[in-house]
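The values are calculated or read from the model by the stated rules, or taken from the named source; none is laboratory data. In this text the structure is predicted, and so the values were computed from the model without any measurement. Methodologically, a virtual Cβ is constructed for each residue, glycine included, from the backbone with ideal geometry; neighbour enumeration extends over all protein chains shown. Accessible surface is based on the protein model in full, side chains and every heavy atom, while ligands, DNA and RNA are left aside. Shrake-Rupley method; radii C 1.70, N 1.55, O 1.52, S 1.80 Å.
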Amino acid sequence: MDNTATARARANIALVKYWGKADVELNTPAVGSISITLDTLWSQTQVRFVPGLDSDRFVLNDLSDRKQLARVSACLDLLRARAGVDTRADVASRNNFPTGAGLASSASGFAALVTAAAAALDLQLSDRELSIFARRGSGSAARSIFGGYVEMHAGSATDGCDSYAEPLAPPEAWPLQVVVAITNAGAKAVGSGPGMQRSAQSSPYYAAWVDTSPRDLAAARAAIAARDFEKLAAVAEHSCLKMHAAALASEPALLYWNAATVECMHAIWRLRREGVAVFFTIDAGPQVKAVCAPGARAQVAAALESLPGVVETLVSGLGPGVELL
Ligand code: PMV
(Lines give C-alpha, C1' and ligand atoms only; values in the text may rest on other atoms or scores of the structure.)
Protein backbone atom coordinates (compact mmCIF):
# COMPACT_ATOMS: atom_id res chain seq x y z
CA MET A 1 0.00 0.00 0.00
CA ASP A 2 1.18 3.53 -0.63
CA ASN A 3 -0.61 4.90 2.50
CA THR A 4 -2.48 7.65 0.64
CA ALA A 5 -6.00 7.88 -0.76
CA THR A 6 -8.46 10.60 -1.73
CA ALA A 7 -12.25 10.39 -1.69
CA ARG A 8 -15.08 12.72 -2.64
CA ALA A 9 -18.46 12.55 -0.87
CA ARG A 10 -21.53 14.72 -1.41
CA ALA A 11 -23.65 16.54 1.13
CA ASN A 12 -27.05 15.08 1.88
CA ILE A 13 -30.27 16.65 3.11
CA ALA A 14 -32.65 14.78 5.38
CA LEU A 15 -36.32 14.77 4.37
CA VAL A 16 -37.21 12.82 7.51
CA LYS A 17 -34.87 14.21 10.13
CA TYR A 18 -32.43 12.72 12.59
CA TRP A 19 -32.44 14.62 15.91
CA GLY A 20 -31.34 12.82 19.09
CA LYS A 21 -28.90 10.07 19.97
CA ALA A 22 -29.56 6.61 21.40
CA ASP A 23 -25.92 6.14 22.46
CA VAL A 24 -23.55 9.10 22.55
CA GLU A 25 -20.34 7.04 22.54
CA LEU A 26 -21.41 4.88 19.56
CA ASN A 27 -23.20 7.86 18.01
CA THR A 28 -26.27 5.82 17.20
CA PRO A 29 -29.38 7.87 16.39
CA ALA A 30 -32.58 7.68 18.43
CA VAL A 31 -34.61 7.75 15.20
CA GLY A 32 -34.12 6.62 11.61
CA SER A 33 -33.93 9.20 8.82
CA ILE A 34 -34.40 9.50 5.05
CA SER A 35 -32.26 11.78 2.92
CA ILE A 36 -31.32 12.79 -0.59
CA THR A 37 -27.68 13.01 -1.62
CA LEU A 38 -26.82 16.14 -3.63
CA ASP A 39 -24.48 16.31 -6.61
CA THR A 40 -22.87 19.76 -6.56
CA LEU A 41 -22.00 20.18 -2.85
CA TRP A 42 -19.07 18.00 -1.87
CA SER A 43 -16.09 17.42 0.39
CA GLN A 44 -12.87 16.05 -1.02
CA THR A 45 -10.46 14.54 1.47
CA GLN A 46 -6.95 13.18 1.17
CA VAL A 47 -5.61 10.93 3.93
CA ARG A 48 -1.92 10.09 4.07
CA PHE A 49 -0.60 7.80 6.81
CA VAL A 50 2.93 8.95 7.57
CA PRO A 51 5.24 6.66 9.58
CA GLY A 52 7.01 8.62 12.30
CA LEU A 53 4.39 11.37 12.62
CA ASP A 54 3.64 11.85 16.34
CA SER A 55 0.06 13.13 15.95
CA ASP A 56 -2.65 13.45 13.30
CA ARG A 57 -2.86 16.70 11.36
CA PHE A 58 -6.04 18.13 9.88
CA VAL A 59 -6.24 20.92 7.34
CA LEU A 60 -9.66 22.14 6.18
CA ASN A 61 -9.83 24.48 3.19
CA ASP A 62 -6.06 25.12 3.51
CA LEU A 63 -6.26 26.11 7.21
CA SER A 64 -5.12 23.94 10.10
CA ASP A 65 -8.31 23.09 12.05
CA ARG A 66 -7.54 22.25 15.69
CA LYS A 67 -11.20 22.38 16.73
CA GLN A 68 -12.20 19.48 14.48
CA LEU A 69 -8.92 17.56 14.89
CA ALA A 70 -10.10 15.55 17.93
CA ARG A 71 -13.20 14.34 16.05
CA VAL A 72 -11.16 13.45 12.98
CA SER A 73 -8.55 11.63 15.10
CA ALA A 74 -11.21 9.69 17.01
CA CYS A 75 -12.69 8.49 13.72
CA LEU A 76 -9.24 7.55 12.36
CA ASP A 77 -8.52 5.64 15.62
CA LEU A 78 -11.44 3.29 14.84
CA LEU A 79 -10.05 2.54 11.39
CA ARG A 80 -6.49 2.18 12.75
CA ALA A 81 -7.80 -0.31 15.33
CA ARG A 82 -9.51 -2.28 12.57
CA ALA A 83 -6.30 -2.31 10.51
CA GLY A 84 -4.10 -3.07 13.52
CA VAL A 85 -1.79 -0.08 12.99
CA ASP A 86 -1.13 3.11 14.93
CA THR A 87 0.44 5.28 12.24
CA ARG A 88 -0.71 8.93 12.41
CA ALA A 89 -2.13 10.68 9.38
CA ASP A 90 -2.01 13.93 7.48
CA VAL A 91 -5.58 14.81 6.44
CA ALA A 92 -6.39 17.57 3.97
CA SER A 93 -10.03 18.27 3.22
CA ARG A 94 -11.84 20.80 1.09
CA ASN A 95 -15.51 21.75 1.00
CA ASN A 96 -16.83 23.51 -2.09
CA PHE A 97 -19.62 25.13 0.02
CA PRO A 98 -19.92 27.06 3.35
CA THR A 99 -18.75 24.95 6.32
CA GLY A 100 -20.69 24.46 9.56
CA ALA A 101 -23.73 26.51 8.61
CA GLY A 102 -26.35 23.79 8.45
CA LEU A 103 -25.26 22.60 5.02
CA ALA A 104 -24.21 19.13 6.15
CA SER A 105 -20.47 19.68 5.80
CA SER A 106 -19.90 17.10 8.53
CA ALA A 107 -21.90 14.53 6.52
CA SER A 108 -19.85 14.84 3.34
CA GLY A 109 -16.66 15.42 5.35
CA PHE A 110 -16.80 12.27 7.48
CA ALA A 111 -18.05 10.10 4.59
CA ALA A 112 -15.04 11.22 2.52
CA LEU A 113 -12.68 10.85 5.52
CA VAL A 114 -13.54 7.23 6.37
CA THR A 115 -13.59 6.17 2.72
CA ALA A 116 -10.17 7.69 2.03
CA ALA A 117 -8.69 6.40 5.31
CA ALA A 118 -9.99 2.86 4.76
CA ALA A 119 -8.47 2.82 1.27
CA ALA A 120 -5.18 4.28 2.50
CA LEU A 121 -5.03 1.51 5.13
CA ASP A 122 -5.87 -1.10 2.48
CA LEU A 123 -8.98 -2.19 4.39
CA GLN A 124 -11.52 -3.89 2.16
CA LEU A 125 -14.76 -2.58 3.67
CA SER A 126 -18.29 -2.96 2.35
CA ASP A 127 -20.41 0.18 1.86
CA ARG A 128 -22.36 -0.86 4.96
CA GLU A 129 -19.19 -0.99 7.04
CA LEU A 130 -18.12 2.40 5.67
CA SER A 131 -21.55 3.74 6.63
CA ILE A 132 -21.07 2.46 10.19
CA PHE A 133 -17.61 4.04 10.46
CA ALA A 134 -18.92 7.31 8.99
CA ARG A 135 -21.74 7.31 11.58
CA ARG A 136 -19.15 7.39 14.37
CA GLY A 137 -17.88 10.72 12.97
CA SER A 138 -21.30 12.25 12.31
CA GLY A 139 -24.73 10.63 12.25
CA SER A 140 -25.72 12.15 8.92
CA ALA A 141 -22.39 11.06 7.35
CA ALA A 142 -23.59 7.45 7.36
CA ARG A 143 -26.07 8.53 4.64
CA SER A 144 -23.50 10.26 2.39
CA ILE A 145 -21.86 6.91 1.58
CA PHE A 146 -24.80 6.33 -0.79
CA GLY A 147 -26.30 8.33 -3.66
CA GLY A 148 -29.88 9.29 -4.45
CA TYR A 149 -32.55 8.45 -1.86
CA VAL A 150 -31.13 6.93 1.32
CA GLU A 151 -32.54 5.55 4.55
CA MET A 152 -30.60 5.47 7.83
CA HIS A 153 -31.68 2.74 10.26
CA ALA A 154 -31.55 3.67 13.92
CA GLY A 155 -30.88 0.03 14.82
CA SER A 156 -31.13 -1.53 18.27
CA ALA A 157 -27.94 -3.60 18.73
CA THR A 158 -25.85 -2.55 21.73
CA ASP A 159 -22.70 -2.37 19.58
CA GLY A 160 -24.32 -0.24 16.84
CA CYS A 161 -23.81 -2.90 14.15
CA ASP A 162 -27.35 -2.45 12.76
CA SER A 163 -27.20 1.34 12.73
CA TYR A 164 -26.26 2.11 9.12
CA ALA A 165 -27.66 3.67 5.96
CA GLU A 166 -28.91 1.91 2.83
CA PRO A 167 -29.92 3.16 -0.61
CA LEU A 168 -33.68 3.39 -1.30
CA ALA A 169 -33.59 4.57 -4.93
CA PRO A 170 -30.90 5.87 -7.29
CA PRO A 171 -30.80 9.59 -8.27
CA GLU A 172 -32.22 8.96 -11.75
CA ALA A 173 -35.28 7.17 -10.32
CA TRP A 174 -36.78 10.55 -9.39
CA PRO A 175 -34.45 13.41 -10.32
CA LEU A 176 -35.68 16.14 -7.95
CA GLN A 177 -33.74 19.39 -7.63
CA VAL A 178 -32.71 21.37 -4.57
CA VAL A 179 -32.39 25.15 -4.32
CA VAL A 180 -30.48 26.10 -1.17
CA ALA A 181 -31.22 29.65 0.01
CA ILE A 182 -28.25 30.91 2.05
CA THR A 183 -29.47 33.47 4.57
CA ASN A 184 -26.31 33.63 6.69
CA ALA A 185 -23.06 31.94 5.69
CA GLY A 186 -21.49 32.17 9.18
CA ALA A 187 -21.03 29.14 11.43
CA LYS A 188 -24.01 28.29 13.63
CA ALA A 189 -24.08 29.03 17.38
CA VAL A 190 -25.03 25.55 18.64
CA GLY A 191 -23.95 22.59 16.53
CA SER A 192 -26.31 19.72 15.83
CA GLY A 193 -24.59 17.34 18.30
CA PRO A 194 -24.91 19.55 21.42
CA GLY A 195 -28.26 20.84 20.11
CA MET A 196 -29.86 17.41 19.94
CA GLN A 197 -28.43 16.48 23.35
CA ARG A 198 -30.04 19.59 24.81
CA SER A 199 -33.40 18.69 23.25
CA ALA A 200 -33.21 15.12 24.54
CA GLN A 201 -32.47 16.36 28.06
CA SER A 202 -34.87 19.27 28.30
CA SER A 203 -37.51 19.42 25.57
CA PRO A 204 -40.96 18.23 26.68
CA TYR A 205 -41.64 17.41 23.03
CA TYR A 206 -38.61 15.15 22.57
CA ALA A 207 -40.41 11.92 23.55
CA ALA A 208 -43.23 12.68 21.10
CA TRP A 209 -40.64 13.43 18.40
CA VAL A 210 -39.07 9.99 18.87
CA ASP A 211 -42.42 8.18 19.17
CA THR A 212 -43.84 9.59 15.94
CA SER A 213 -40.75 9.03 13.80
CA PRO A 214 -41.61 5.51 12.46
CA ARG A 215 -44.84 6.87 10.98
CA ASP A 216 -42.97 9.63 9.13
CA LEU A 217 -40.37 7.18 7.84
CA ALA A 218 -43.11 4.89 6.48
CA ALA A 219 -44.90 7.81 4.80
CA ALA A 220 -41.70 9.07 3.16
CA ARG A 221 -40.69 5.59 2.00
CA ALA A 222 -44.12 5.13 0.38
CA ALA A 223 -44.07 8.60 -1.21
CA ILE A 224 -40.62 7.94 -2.72
CA ALA A 225 -41.66 4.51 -4.02
CA ALA A 226 -44.77 6.05 -5.65
CA ARG A 227 -42.97 9.27 -6.77
CA ASP A 228 -45.77 11.12 -5.01
CA PHE A 229 -44.52 14.71 -4.66
CA GLU A 230 -47.45 16.01 -2.61
CA LYS A 231 -47.11 13.23 -0.04
CA LEU A 232 -43.34 13.68 0.18
CA ALA A 233 -43.82 17.44 0.60
CA ALA A 234 -46.29 16.91 3.44
CA VAL A 235 -44.19 14.46 5.42
CA ALA A 236 -40.88 16.30 4.87
CA GLU A 237 -42.23 19.67 6.04
CA HIS A 238 -43.94 17.98 8.98
CA SER A 239 -40.72 16.21 10.04
CA CYS A 240 -38.73 19.45 9.70
CA LEU A 241 -41.20 21.57 11.67
CA LYS A 242 -41.58 18.88 14.34
CA MET A 243 -37.80 18.70 14.79
CA HIS A 244 -37.60 22.48 15.12
CA ALA A 245 -40.57 22.50 17.52
CA ALA A 246 -38.70 20.04 19.76
CA ALA A 247 -35.56 22.18 19.47
CA LEU A 248 -37.44 25.42 20.23
CA ALA A 249 -38.91 23.89 23.39
CA SER A 250 -35.42 22.98 24.69
CA GLU A 251 -33.96 24.83 27.68
CA PRO A 252 -32.22 27.10 26.78
CA ALA A 253 -34.21 27.43 23.53
CA LEU A 254 -32.70 26.48 20.19
CA LEU A 255 -33.90 28.82 17.45
CA TYR A 256 -31.94 28.11 14.27
CA TRP A 257 -33.99 30.40 12.02
CA ASN A 258 -33.64 34.08 11.19
CA ALA A 259 -36.22 36.38 9.59
CA ALA A 260 -35.17 35.42 6.07
CA THR A 261 -35.56 31.71 6.91
CA VAL A 262 -39.22 32.38 7.75
CA GLU A 263 -39.68 34.56 4.64
CA CYS A 264 -38.42 31.64 2.52
CA MET A 265 -40.90 29.25 4.15
CA HIS A 266 -43.81 31.60 3.37
CA ALA A 267 -42.57 32.11 -0.21
CA ILE A 268 -42.39 28.33 -0.73
CA TRP A 269 -45.93 27.87 0.60
CA ARG A 270 -47.10 30.70 -1.72
CA LEU A 271 -45.49 28.97 -4.71
CA ARG A 272 -47.11 25.66 -3.76
CA ARG A 273 -50.53 27.32 -3.53
CA GLU A 274 -49.94 28.59 -7.08
CA GLY A 275 -49.31 25.01 -8.24
CA VAL A 276 -45.48 24.91 -8.17
CA ALA A 277 -44.08 21.54 -6.99
CA VAL A 278 -41.79 22.68 -4.15
CA PHE A 279 -41.38 22.07 -0.41
CA PHE A 280 -38.86 23.17 2.21
CA THR A 281 -36.64 21.56 4.77
CA ILE A 282 -34.29 23.23 7.29
CA ASP A 283 -31.49 21.73 9.40
CA ALA A 284 -29.60 23.08 12.42
CA GLY A 285 -28.95 26.42 10.74
CA PRO A 286 -30.77 29.29 9.04
CA GLN A 287 -30.50 28.08 5.42
CA VAL A 288 -33.62 26.86 3.63
CA LYS A 289 -33.47 23.91 1.27
CA ALA A 290 -36.26 24.04 -1.31
CA VAL A 291 -36.81 20.65 -2.92
CA CYS A 292 -38.61 20.93 -6.26
CA ALA A 293 -39.54 19.23 -9.49
CA PRO A 294 -36.86 19.77 -12.18
CA GLY A 295 -39.08 22.13 -14.19
CA ALA A 296 -39.67 24.41 -11.19
CA ARG A 297 -36.02 25.07 -10.36
CA ALA A 298 -35.60 28.47 -12.11
CA GLN A 299 -38.86 29.84 -10.72
CA VAL A 300 -38.05 28.68 -7.18
CA ALA A 301 -34.52 30.13 -7.31
CA ALA A 302 -35.82 33.47 -8.65
CA ALA A 303 -38.52 33.68 -5.96
CA LEU A 304 -36.07 32.95 -3.13
CA GLU A 305 -33.36 35.26 -4.48
CA SER A 306 -35.81 38.18 -4.55
CA LEU A 307 -36.38 37.94 -0.77
CA PRO A 308 -34.60 40.38 1.55
CA GLY A 309 -31.96 38.53 3.58
CA VAL A 310 -31.30 35.79 1.05
CA VAL A 311 -27.59 36.18 0.31
CA GLU A 312 -27.34 33.68 -2.52
CA THR A 313 -28.82 30.43 -3.79
CA LEU A 314 -27.04 27.21 -4.68
CA VAL A 315 -28.72 24.74 -7.00
CA SER A 316 -28.13 21.00 -7.04
CA GLY A 317 -29.54 17.85 -8.49
CA LEU A 318 -29.24 14.46 -6.84
CA GLY A 319 -25.86 12.80 -6.91
CA PRO A 320 -23.95 9.55 -6.43
CA GLY A 321 -22.44 7.97 -3.35
CA VAL A 322 -18.87 8.41 -2.16
CA GLU A 323 -16.12 7.93 -4.77
CA LEU A 324 -12.47 7.09 -4.42
CA LEU A 325 -10.44 9.34 -6.71
O1 PMV B 1 -24.88 14.41 11.53
P2 PMV B 1 -25.07 15.51 12.50
O3 PMV B 1 -24.58 15.16 13.86
O4 PMV B 1 -24.48 16.79 11.99
O5 PMV B 1 -26.65 15.77 12.67
C6 PMV B 1 -27.49 16.14 11.60
C7 PMV B 1 -28.78 16.68 12.11
C8 PMV B 1 -29.68 17.37 11.09
O9 PMV B 1 -28.94 17.87 10.01
C10 PMV B 1 -30.36 18.53 11.75
C11 PMV B 1 -30.77 16.43 10.58
C12 PMV B 1 -30.31 15.36 9.63
O13 PMV B 1 -30.93 14.28 9.66
O14 PMV B 1 -29.39 15.59 8.83
- In segment 278-300, how many are within 29 Å of S192 (Cα to Cα) and open to solvent by 10 Å² or more (accessible area, probe 1.4 Å)? 4
- Task: Name every residue in segment 244-258 that is hydrophobic (A, V, I, L, M, F, W, C) and farther than 18 Å from V180 by Cβ, in order of residue number.
- Result: A245, A246, A247, L248, A249, A253, L254, L255
- Message: For the structure I just gave you, tell me whether R94 is within 16 Å of the ligand (Cβ to nearest atom) and of a type outside the set (S, T, N, Q).
- Response: no
- Item | Pair list, Cβ under 7 Å, 6 or more apart: segment 122-146 residue over 17 Å from A83 (Cα atoms) and of a type in the set (F, W, Y), other residue more than 14 Å from the ligand (Cβ to nearest atom) and open to solvent by less than 50 Å² (accessible area, probe 1.4 Å) | F146/G321
- With a cut-off of at least 1 residues that are closer than 28 Å to R221 by Cβ, name the strands (runs of 3 or more DSSP E) lying wholly within segment 1-103. 4-16, 21-23, 33-49
- Message: I'm told N95 meets every condition in (1) modelled with pLDDT of 95 or more; (2) in contact with a helix residue (DSSP H, G or I) (Cβ under 6 Å, 6 or more places away or on another chain) except one. Can you identify the failing condition by its number?
- Response: (1)
- Task: Kindly check whether there is at least one residue in segment 170-188 that is in a helix (DSSP H, G or I) and surrounded by fewer than 16 Cβ atoms within 10 Å (Cβ to Cβ).
- Result: yes
- Sort out which residues of segment 149-169 are among the β-branched types (V, I, T) and open to solvent by 40 Å² or more (accessible area, probe 1.4 Å), and write them in order of number. T158
- Say whether the condition of being part of a loop (DSSP other than H, G, I, E, B), among the aliphatic types (A, V, I, L, M) and open to solvent by 20 Å² or more (accessible area, probe 1.4 Å) is met by at least one residue in segment 201-219. no
- The one condition in (1) open to solvent by 40 Å² or more (accessible area, probe 1.4 Å); (2) within 16 Å of the ligand (Cβ to nearest atom); (3) part of a helix (DSSP H, G or I); (4) within 15 Å of W19 (Cβ to Cβ) that L255 fails to fulfil: (3)
